[in-house]
Amino acid sequence: MTISVDQRPTRIVVDLDRIAGNLDRIRTHTGTPAMAIVKANAYGHGLVPVARRLQQAGVDQLGVAFLEEGVALRRAGITVPILVLGGIFGPQVGQFLAHDLEITVSSLDKLRQVEAAAEAMGTRAVVHLKVDTGMERIGVHHYSAAAFVEAAVASRWCEIKGIYSHLACADDPTSAMTALQLERFLEACAHFDRIGARMPLRHLANSGGILHAPATHLDLVRPGIMLYGVLPDPAARATVEVAPALSLVSRVVYFKVVRAGRTVSYGATWAPTDDTRVVTVPIGYGDGYPRALSGRGQVLIHGHLYPVVGRVCMDQFMVDIGHDSAFNEDEVILVGEQRGAMLRVEALAEAAGIIPYEFLVGLNDRIPREYLPPVEA
Ligand SMILES: *Cc1c(COP(=O)(O)O)cnc(C)c1O
């Protein structure tokens, strides 16, 4: 076997068919169309390969955070509708129209900016109105929605495709906030009926809403983390069975015996009480493997769980394998399955004191990504 210079022994393997399967299970559960959220490099899974697979699976719509992500998808030949969820930066509005991207209109000012750009280009902008029902992030407050809806309906240059809001606490199945936000949202939507205008697509549910609050499913759902087979929170209930799509794999590059009392890694924070066998794995916080997993993470080797010992370095970390054996080039699973054992993102994130989202999007481009089934580069 020839190994080329760019084949470092660490990689992310993404099972695209699992993502497509998760989309199917979500749509079956909600009985609505879905806007698959692929922002932040598709939660670390790879923007373009994931979007292509979702398009092939017949996804209704994609959602990204920023204009740049939408443009990257159009340049890659993605043709399904794409909504940019983030607040728009005025000078960029023309670019949305040039790339056939749907725009989040989150204030009267933004509505005017979009109208001006659309008029100047002689085209109609496809927009989704953003109502703030409890995030205080972007959007017109639900209690001020009447004038906003009226102005948007009256606009000659905007086609209102949707109206939406975002849930603040849906990860927690017991939070009273979700029902309150739904009520506020429906009151805002009712302004369309009041003025006799056609009701656009009403959408509210993120993964938490999909899992825990069927009343929030409305006309369209916006799954993000669930699409990738990961639950949003340790308190979440797995009411839809989704399968994790991402594995993080490396290999042993060094083996040694560490004598009792000899400290391991920066800060000399850990030493074995008895002589032990320690292997080195060539990935670190420079790849996005959280430094907070120092002394807290685990890996799988030969189907057994072993602890990360000492501090995680930028490019390497150490694992105590006790009296077991492991050889150079043996496979190390950092996330995923090995011989029936499983290491989940949810557990690693909890050990690191972060949320599963942060773990996934932290895995950066220094780690090559491989796809199943394989995709063209
Ligand atoms: C990121 C995002 C989502 C997806 O959230 P998940 O919790 O990952 O399902 C949905 N809607 C909006 C507006 C978002 O920004």
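The values are calculated or read from the model by the stated rules, or taken from the named source; none is laboratory data. The structure displayed is predicted, hence computed values, not measured ones. Glycine gets a Cβ as well: all are built from the backbone with ideal geometry, and neighbour counts include every protein chain shown. What goes into the accessible areas is simple: the full protein's heavy atoms, side chains included, and nothing from ligands, DNA or RNA. Shrake-Rupley method; radii C 1.70, N 1.55, O 1.52, S 1.80 Å.
Quick notes on this structure:
- The residues listed here are G196, G267; of these, the one that is touching a residue at least 24 places away in the same chain (Cβ under 8 Å), away from the ligand (no atom under 14 Å from the Cβ) and open to solvent by 50 Å² or more (accessible area, probe 1.4 Å) is G267.
- Among (1) under 19 Å from the mean Cα position of the chain (by Cα); (2) open to solvent by less than 40 Å² (accessible area, probe 1.4 Å) - the single one H128 does not satisfy: (1)
- Positions within segment 134-147 being away from the ligand (no atom under 12 Å from the Cβ) and either touching a Ser or Thr at 6+ places or on another chain (Cβ under 8 Å) or not aromatic (F, W, Y) (or both), in sequence order: G134, E136, V140, H141, H142, S144, A145, A146, A147
- Residues (of a type in the set (G, A, S) and within 17 Å of the chain's Cα centre (by Cα)) located in segment 73-112: G86
- 2 or more residues free of Cβ contacts under 8 Å to residues at least 60 places away in the same chain: qualifying strands (runs of 3 or more DSSP E) within segment 11-93: 61-64, 82-84
- From the options P272, P214, residue that is surrounded by fewer than 21 Cβ atoms within 10 Å (Cβ to Cβ), away from the ligand (no atom under 14 Å from the Cβ), assigned by TED's automatic domain parsing to the domain that holds A188 and of a type outside the set (F, W, Y): P214
- Residue that is nearest to S107 (Cα to Cα), among those in segment 74-89 that are open to solvent by less than 10 Å² (accessible area, probe 1.4 Å) and within 16 Å of the ligand (Cβ to nearest atom): I88
- Test result for V257, in a strand (DSSP E or B), loosely packed, with under 13 Cβ neighbours inside 10 Å and not small (G, A, S): yes
To keep it simple, each residue is scored yes or no on (1) surrounded by 14 or more Cβ atoms within 10 Å (Cβ to Cβ); (2) among the aromatic types (F, W, Y).
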{"site": "A326", "(1), (2)": "yes, no"}
{"site": "V332", "(1), (2)": "yes, no"}
{"site": "G340", "(1), (2)": "no, no"}
{"site": "E346", "(1), (2)": "yes, no"}
{"site": "A351", "(1), (2)": "yes, no"}
{"site": "Y357", "(1), (2)": "yes, yes"}
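- Tally of residues being under 21 Å from D60 (Cα atoms) and out of contact with any Phe, Trp or Tyr (no Cβ under 7 Å at 6 or more places or on another chain) across segment 99-124: 6
- H203 vs. criteria surrounded by 19 or more Cβ atoms within 10 Å (Cβ to Cβ), under 19 Å from I103 (Cα atoms) and modelled with pLDDT of 95 or more: yes
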